[in-house]
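Everything on this sheet refers to the single structure shown next.
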Amino acid sequence: MADLPIKCGGCGADILESQLESGEICPNCGKAARIKSYQTVAAMPLPQVNQYVATFQAQITQNPNDPSLNSSLALCFLKLKLPAKALPYFEKAMADNFSDPSLYYYAAICLLNGKKAFLALRPEIDKILEYLNAALMLEDRGIYHYFLAYIKNDYFERKHLTSKPGSQELLENAKQRGVSEQEIQELYALLGVERPANL
């Protein structure tokens, strides 16, 4: 595999992928060169996130098919609470790296665009279900089951629509797989909605 040059999102320096320490840290500035997970960007101050966005947008015109660049930019937009801007970058990253379950999870979050599942249109809900089921096929994580439980509860059950499995069964699946309270709180923060009392 070729040692490709990339621009650090933190300082803008040109570096080779082989120079990255622990997979993402730039040797020049000590910051993340690419954003590998939401946790990387979650604690960043907004001006720093905006700097990353500017750096990544400048690079993406030259490398539109770079999955790590697309997912990095998408995660920055998600942090900036711009899910509609993040979604196409998550979808592009998914097309180029279909084995990363977190991309499907975050794309499903973006599809709600800051509104409750109850207010979403059925095609959006169907796409969310498709993405969450794809994430589960790749990795059986509790938070994916929990997000499905929220969709079943807030969309299907509130509208009195039949859908199996139901929210309580999915909630139990999430608990069995060790979903944490921190993951649940992060999900609702990303969704921008209040947690239902029964979940």
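No lab work stands behind these numbers, since they all come straight from the coordinates. Predicted model, so just to flag it, every value in this text is computed and none were measured. For neighbour counting, all protein chains shown are included, and Cβ atoms are generated from backbone atoms with ideal geometry for every residue, glycine included.
Key figures for this structure:
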read-out	value
Shape category assigned to the stretch 135-199 from the gyration tensor of Cα positions, a/c cut at 1.5	oblate
Greater than 29 Å apart at Cα, pairs in LYS81/LYS164; LYS7/LYS92; LYS92/LYS115; LYS7/LYS79; LYS31/LYS85; LYS7/LYS85	LYS81/LYS164
Anisotropy class of the stretch 17-172 from Cα gyration tensor, a/c 1.5 cut	prolate
Helix-only CD estimate at 222 nm, as mean residue ellipticity for the chain, using -39500 (n - 2.57) per DSSP H run (n ≥ 4)	-16500 deg cm²/dmol
Residue-span extension gain [GLN62 to LEU82] - 0.36 nm each, minus C-alpha spacing	4.9 nm
LYS31, LYS159, LYS152, LYS92 arranged by Cβ crowding within 10 Å, fewest neighbours leading	LYS159, LYS31, LYS92, LYS152
Net length gained if the chain between ASN198 and GLU183 were fully extended (0.36 nm per residue, minus Cα distance)	3.7 nm
Local net charge near SER180, Cβ-Cβ under 13 Å (Lys/Arg +1, Asp/Glu -1)	0
Charge tally in the Cβ shell below 13 Å around VAL49, where Lys, Arg are +1 and Asp, Glu are -1, VAL49 excluded	+4
Cα-based shape type of the stretch 80-136, given that a ≥ b ≥ c are square roots of the gyration tensor eigenvalues and the cut on a/c is 1.5	oblate
FRET efficiency, ASN97 to ARG122 (Cβ-Cβ, R0 35 Å, nearest 0.05)	0.80
Sequence of HIS160, HIS145 once ranked by neighbouring C-beta atoms within 10 Å, starting from the fewest	HIS160, HIS145
Where no second cysteine Cβ lies under 4.7 Å, the cysteines concerned in the chain	CYS76, CYS110
